[in-house]
1. Kindly provide the set of residues from segment 212-225 that are touching a helix residue (DSSP H, G or I) at 6+ places or on another chain (Cβ under 9 Å), at pLDDT 95 or above and assigned to a loop (DSSP other than H, G, I, E, B), ordered by number.
2. Can you name the condition, by its number, that R59 falls short on among (1) over 30 Å from L183 (Cα atoms); (2) exposed (fewer than 14 other Cβ atoms within 10 Å of the Cβ)?
3. I'd like to check something: does segment 113-121 contain any residue that is in a helix (DSSP H, G or I) and under 19 Å from the mean Cα position of the chain (by Cα)?
4. In segment 208-225, how many are buried (at least 24 other Cβ atoms within 10 Å of the Cβ) and in contact with a Leu (Cβ under 9 Å, 6 or more places away or on another chain)?
5. With the requirement that a residue be small (G, A, S) and in contact with a Gly (Cβ under 8 Å, 6 or more places away or on another chain), what does segment 53-87 give you?
6. Residues in segment 8-57 that are farther than 21 Å from Y244 by Cα and either among the β-branched types (V, I, T) or in contact with a Ser or Thr (Cβ under 7 Å, 6 or more places away or on another chain) (or both): how many?
7. Could you check segment 27-46 and list, in sequence order, the residues that are in a loop (DSSP other than H, G, I, E, B), at pLDDT 95 or above and within 23 Å of V75 (Cβ to Cβ)?
8. Do we have E152 as assigned to a helix (DSSP H, G or I) and either without any contact (Cβ under 8 Å) to a residue 24 or more places away in the chain or not hydrophobic (A, V, I, L, M, F, W, C) (or both) here?
Amino acid sequence: MRLKARNRIELHCDEDCPLAAVLRPRSSAEQWVVSERYEIAPWVPASEYVDCFGNLCQRFTLPAGDSAITVDSEVEVTEQIDVDRRAPAVPPGQLPDETLLYLLQSRYCPSDKMEERARDIVHGCAPGYPQAERIQDWIRENVAYRGGVSTESTCALDTLRGGAGVCRDFAHVGVALCRSLVLPARVVVGYLHELDPMDMHAWYEVFLGGRWFAFDATQDKPRGGRIVVAHGRDIADVAFLSNYGPLEITNMEVSVTAA
């Protein structure tokens, strides 16, 4: 299916503010960027680089006053995410080099403190996809989706203690629990068709059977129609804006429609 995603971000800064943005999806085996438009108003010189996770990042300095960033993307994506309940866990010694960092604990995913909880959750499940799927279902059944209960410093353990959070919190819990079972896992941010309310969205992927599988504990069934913008160890690696000076987001409008 082909989707059109639009993200318009209005900003204000009292003085010139350097920033890095992660707002452009990248073509891959799972999605193809058909066309895109990236506008900064007022226009300023910009550059782009690929970070260590393979994400497209843009750098520029916004002038003092009001500015707007608008990104329009038309992307061909799959209608359904893949499900393979026979996909096994890959033995650690056979994991590709690039997956090993997704086994490490990170700022929001303290997986080294969650193994006992994870083993209780997946008791009786075969190693691999069944474990990852059980973790996803457990999060959906035991963590309430609720805004305003987490902050920028909330980690997976905090979410488990509080029993509620939003999509990024659900993703952090899933990633941390999977990593504690030696299943490489990473946070993904992007867009989900027909998400309600519409916004940028976060989910996670687990490396099983030699490839990455998507999991989203905020949804009651596997759903495709996803545009991946970036992935990383946790949300700190995939912030859509990283500002190096005072900056206020005054408005943000996201839309995703079928092309």
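1. Of everything in segment 212-225, those that are touching a helix residue (DSSP H, G or I) at 6+ places or on another chain (Cβ under 9 Å), at pLDDT 95 or above and assigned to a loop (DSSP other than H, G, I, E, B) turn out to be D216, A217, T218, Q219.
2. With respect to (1) over 30 Å from L183 (Cα atoms); (2) exposed (fewer than 14 other Cβ atoms within 10 Å of the Cβ), R59 is out only on (2).
3. Filtering segment 113-121 down to residues in a helix (DSSP H, G or I) leaves 113, 115-121.
When the remaining residues are screened for being under 19 Å from the mean Cα position of the chain (by Cα), the result is none.
Taking every residue of segment 113-121 in turn, none turns out to be in a helix (DSSP H, G or I) and under 19 Å from the mean Cα position of the chain (by Cα).
4. Total meeting the criteria: 2.
5. Within segment 53-87, the subset small (G, A, S) is 54, 64-65, 67-68, 73, 87.
A87, the sole residue that qualifies.
6. Count: 5.
7. Here is the first cut: in segment 27-46, the residues in a loop (DSSP other than H, G, I, E, B) are 27-31, 42-45.
Filter once more, keeping what is at pLDDT 95 or above: 27, 31, 42-45.
Matches in segment 27-46: S27, Q31.
8. Details: assigned to a helix (DSSP H, G or I): no; either without any contact (Cβ under 8 Å) to a residue 24 or more places away in the chain or not hydrophobic (A, V, I, L, M, F, W, C) (or both): yes.
In short, no.
The values are calculated or read from the model by the stated rules, or taken from the named source; none is laboratory data. Predicted model only: the values in this text are computed from it and were never measured. Quick reminder, even Gly has a Cβ in these numbers, built from the backbone with ideal geometry, and neighbours come from all protein chains shown.
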